[in-house]
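The structure appears right after this line, and notes come after that.
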Amino acid sequence: GDEFLVVIKPDHMKIIKHIDDRIEAATKALEKEYQYPFTVSLSYGISILDYYTDENTIKDVIDAADNFMYERKRKRRSKS
């Protein structure tokens with residue numbers, strides 16, 4: 001699959017949760033609207049870097065997002 005990186009500067013942590021919820025809702029709506037004979041899913045991770053206090057590198061942040069994505073995939077598969 002394709003991979004890409006989105007960087008945002010949220011004013012509050014609730015914005016990240018809101019974006020996550022909207023991605024999930026849009027994915028489910030797409031699947032319901034078109035009634036595909038397969039499951040529509042997106043795999044993505046979320047990671048946070050506080051550039052004022054965090055000593056992690058960009059690579060560390062991307063690795064954390066990847067790990068989060070794979071954990072979500074494992075949970076999704078275990079529910080099936």
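Please give the calculated 222 nm ellipticity per residue for the chain, where each DSSP H segment of at least 4 residues contributes -39500 (n - 2.57) and the sum is spread over every residue; nearest 500 deg cm²/dmol?
After summing the helix terms and dividing by the residues of the chain, the value is -19000 deg cm²/dmol.
Which of these values of P(r) over Cα pairs in 5 Å bins from 0, in percent was calculated from the structure shown: (1) 3, 12, 17, 21, 18, 14, 8, 5, 2, 1, 0; (2) 3, 12, 18, 24, 20, 12, 7, 3, 1, 0; (3) 3, 15, 23, 21, 14, 11, 8, 3, 1, 0?
(2)
For helix 13-34, what angle does its Cα long axis make with the longest principal axis of the chain, in degrees from 0 to 90 and rounded to 10?
20
Lys and Arg at +1, Asp and Glu at -1: add these up for the other residues within a Cβ distance under 12 Å of Tyr70 and post the number.
Values: positive: Arg72, Lys73, Arg74, Lys75, Arg76, Arg77; negative: Asp63, Asp66, Glu71.
Taking every other residue near Tyr70 into account, the sum is +3.
Show me the chymotrypsin sites (Phe, Trp or Tyr not before Pro) within region 13-80 that DSSP assigns to loop and that have at most 12 other Cβ atoms within 10 Å of their Cβ.
Qualifying residues, ordered by number: Phe38, Tyr51, Tyr52.
Give Lys14/Lys59; Lys14/Lys73; Lys9/Lys59 a once-over and call out the pairs whose C-alpha atoms are over 28 Å from each other.
Numbers: Lys14/Lys59 24 Å; Lys14/Lys73 23 Å; Lys9/Lys59 18 Å.
Exceeds cut-off: none, every pair is within range.
Once both axes come from the Cα atoms, what is the angle between helix 58-79 and the longest principal axis of the chain, in degrees from 0 to 90, rounded to 10?
Tilt of helix 58-79: around 30 degrees.
Take the Cα of Glu3, step 7 Å along the line toward its Cβ, and report every residue of region 24-44 whose backbone nitrogen sits under 20 Å from that point.
Those under the cut-off are 41-44.
Hey, what did the chain get for relative contact order, percent, Cα under 8 Å, at least 6 apart?
23
Tell me which of Ala29, Tyr52, Met69 sits at the most positive position along the dipole axis of the chain, charges placed on C-beta atoms (Lys, Arg +1; Asp, Glu -1).
Ala29
All of the numbers you see were taken from the coordinates with simple rules; none came from a lab. Everything numeric in this text was worked out from a predicted model, so none of it was measured. As a convention, Cβ positions derive from the backbone with ideal geometry for all residues, glycine included, and neighbour counts pool all protein chains shown.
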